[in-house]
Amino acid sequence: MDFTFTEEQQAAAEAARAVFSGVVPDGVPSPALVPGAVAEDIDRPLWAGLASSDLLSLTLLPEHGGAGLDLVALCLVLRESAKVLARVPLLETCAVAMALQRYGDPGLAAELLPRIGRGELVLTAGSNGRSGHDPAELAVKARRKAMTGTTGKDMVPGRAAADPANAAVGWVLDGMQSAVPWGQAADWIAIPAHTDEGRAVVALVRPAQDGVTLAEQVSTSGERFAEVRLESVRIDDRALIDGAGAWEWLRAILTTGTCALALGLGEAVLAMTSQYTGKREQFGFPVATFQSVAVQAADRYIDLRAMEVTLWQAAWRISTGADGPLPAEGDIAVAKIWASDGIRRVVQTAQHLHGGFGADTDYPLHRFHAWAKQIELSLGPAAAHEEALGNLLAAHLLD
C-alpha cells in the first residue's frame, strides 16, 4: 500500500501545524481542579485562525469557497489539532458540512457552506443517542407533518405563514441525544433520527428553536457538552438530510476523524515520554537507556504505527469508494479498534514511565490522559467495533 500524501494534503498539514503552533494545552484550568467545565466556550481565536487559513473550508467544493480536498486531508489536520488538545469542534463542523454538501438540499448548502468555511457558523453532531450503547438514530423520531404556522423557507418555528392553506410540509422531531460536543457553542446541530418507515435521517436544528432544550454535561476531558432534548421541534424539508446512507456516511466520517485525533494525541504523548525518559536519570543513567523502559516505549511506537496505517486505509476507502473484500465499514471498524485500544495503552505506558509526574496537575500529561479516555470511548469503544467487524465478517464470507 502506498499512503504517500499529495502536495495539497501535505500543504494542509503544514498550514495546520502553523495555526496550532501557538496553542498551549494548559490554556484553560485543569479538569482535575474544577467541578464543572474548564471553559464556557470553544477557543474562538483559534477558530478564527482556522478560518483565515482556509482550514475550515478544506473539504468544501470550490463553488462553496473551498479547496475540494478529501477526508485524508481533513484527518491530517485533525491529527495536528489533537497534538495540542485544540478546543474546537473542527471534526464535527467539517463532517456535518461534508454531509450537507454530499446529501443535503442544494439551496441550503449554498447558503450555509460558504459561511461555515469563513468561520461564521459552528456545527456539531449528536452521535451518542441516549446512552452511547444503542444506535444514535433510534433515540429521535422524525414524523412527517404539515408545518402550519411556519414558512417553508425560514425553518424557524413560530413565524406564521402568510397563507395557512399553503403551509409547507415538514418534519417534527422528538427525542434526545446525549454528550453532544460543544452543543452550547453551536449554531446548528446535526441530529440523527429515524422515520416511521425505519429510515435513518439527519436533521439540522438550531439550539434556539422552540422545543430544543440543552442540559449541561461535562466530558471526561472537562469540555462543555450538551444533552439535547427535542420536543415537537419543527423543521422543513430542507433541514432534513434524508439521502440514502447519509447518516451512515456522516457517522463514518466522525468515526474516522476520531481515529485521527487518537493518532495525533498518541504521537504527542509518546514524544513527551521520550523527552522525559531521556532526561530523567537513575543510577547515573537516563532511564530511557534501561531495557524495560525502551521495550515499553517501542511497543507503544508499534501501536501508533498500527493506528496510523489503519486510519489511512479507512480514510482512503471512504474518500475513493474503492472496493474491497469487506465494505468500508470493516476498515473503519479496524481503525477504531486500534485507535481505542492503542491510545489507552499509549497513555497508560506514559503514566507509568513518568512516575508521579504523570498525575501532577502542573504537568500537561494528565490532560492528555483525560482527552485520550474521551476519544477512546467516543463513538463506541473497541469492543463495540469488534462486534461490528464480526458481523461484517459473518455476512461477507472471505475466500
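For region 93-119, residues that are free of Cβ contacts under 8 Å to residues at least 24 places away in the same chain and more than 11 Å from residue 65 (Cβ to Cβ) total 2. Only a single item in (1) touching a Leu at 6+ places or on another chain (Cβ under 7 Å); (2) open to solvent by 40 Å² or more (accessible area, probe 1.4 Å) is not met by residue 113, and it is number (2). If we keep just the residues of region 235-286 that are open to solvent by 40 Å² or more (accessible area, probe 1.4 Å) and assigned to a strand (DSSP E or B), which is modelled with the highest pLDDT? The selected residue is 285. Residues in region 170-193 that are within 21 Å of residue 105 (Cα to Cα) and in contact with a strand residue (DSSP E or B) (Cβ under 6 Å, 6 or more places away or on another chain): 170, 171, 172, 173, 186, 188, 189, 190, 191, 192, 193. From 130, 144, which residue is surrounded by fewer than 20 Cβ atoms within 10 Å (Cβ to Cβ) and closer than 30 Å to residue 222 by Cβ? The match here is 130. With respect to (1) more than 20 Å from residue 311 (Cα to Cα); (2) under 16 Å from the mean Cα position of the chain (by Cα); (3) open to solvent by 40 Å² or more (accessible area, probe 1.4 Å), the lone exception for residue 44 is condition (2).
Tallying residues that are of a type in the set (Gly, Ala, Ser) and over 15 Å from residue 90 (Cβ atoms) within region 55-66 yields 1. Could you go through region 47-62 and let me know if any residue there is open to solvent by 20 Å² or more (accessible area, probe 1.4 Å), out of contact with any helix residue (DSSP H, G or I) (no Cβ under 9 Å at 6 or more places or on another chain) and either touching a residue at least 40 places away in the same chain (Cβ under 8 Å) or of a type in the set (A, V, I, L, M, F, W, C) (or both). For region 47-62, residues open to solvent by 20 Å² or more (accessible area, probe 1.4 Å), out of contact with any helix residue (DSSP H, G or I) (no Cβ under 9 Å at 6 or more places or on another chain) and either touching a residue at least 40 places away in the same chain (Cβ under 8 Å) or of a type in the set (A, V, I, L, M, F, W, C) (or both): present. Taking region 1-53 as the range and being assigned to a loop (DSSP other than H, G, I, E, B), under 24 Å from residue 185 (Cα atoms) and among the acidic types (Asp, Glu) as the test, the residues that pass are 40, 41, 43. Condition check for residue 229 on (1) outside any helix (DSSP H, G or I); (2) open to solvent by less than 40 Å² (accessible area, probe 1.4 Å): one failure, at (2).
Might you let me know whether region 54-63 holds any residue that is at pLDDT 95 or above and within 24 Å of residue 230 (Cβ to Cβ)? No: zero hits.
What pairs come out if I take residues in region 198-213 that are free of Cβ contacts under 8 Å to residues at least 24 places away in the same chain and pair them with residues that are in a loop (DSSP other than H, G, I, E, B) whose C-beta lies under 6 Å away, six or more apart or interchain? If the second residue must be in a loop (DSSP other than H, G, I, E, B), no pairs are left. Consider region 339-391 and keep the residues that are among the aromatic types (Phe, Trp, Tyr) and in contact (Cβ under 8 Å) with a residue 60 or more places away in the chain. The one that is nearest to residue 132 (Cα to Cα) is 371. Within region 63-85, the set of residues being small (Gly, Ala, Ser) and either closer than 16 Å to residue 249 by Cα or surrounded by fewer than 24 Cβ atoms within 10 Å (Cβ to Cβ) (or both) comprises 65, 66, 67, 68. The sole residue among 297, 306, 383 that is out of contact with any helix residue (DSSP H, G or I) (no Cβ under 8 Å at 6 or more places or on another chain), surrounded by fewer than 23 Cβ atoms within 10 Å (Cβ to Cβ) and at negative phi is 383.
Residues satisfying the criterion are absent from region 89-103 (criterion: of a type outside the set (Val, Ile, Thr), open to solvent by 20 Å² or more (accessible area, probe 1.4 Å), in a loop (DSSP other than H, G, I, E, B) and in contact with a helix residue (DSSP H, G or I) (Cβ under 7 Å, 6 or more places away or on another chain)). Among the residues examined, residue 85 does not qualify as in a loop (DSSP other than H, G, I, E, B), farther than 21 Å from residue 263 by Cβ and either within 16 Å of the chain's Cα centre (by Cα) or modelled with pLDDT of 95 or more (or both).
Scanning region 355-380 for residues that are open to solvent by 70 Å² or more (accessible area, probe 1.4 Å) and assigned to a helix (DSSP H, G or I), we see that the one that is modelled with the highest pLDDT is 373.
The values are calculated or read from the model by the stated rules, or taken from the named source; none is laboratory data. Computed from a predicted model, the values in this text were never measured in an experiment. Methodologically, a virtual Cβ is constructed for each residue, glycine included, from the backbone with ideal geometry; neighbour enumeration extends over all protein chains shown. In case anyone asks, the SASA skips ligands and DNA or RNA and just uses the protein heavy atoms, side chains included. Shrake-Rupley method; radii C 1.70, N 1.55, O 1.52, S 1.80 Å.
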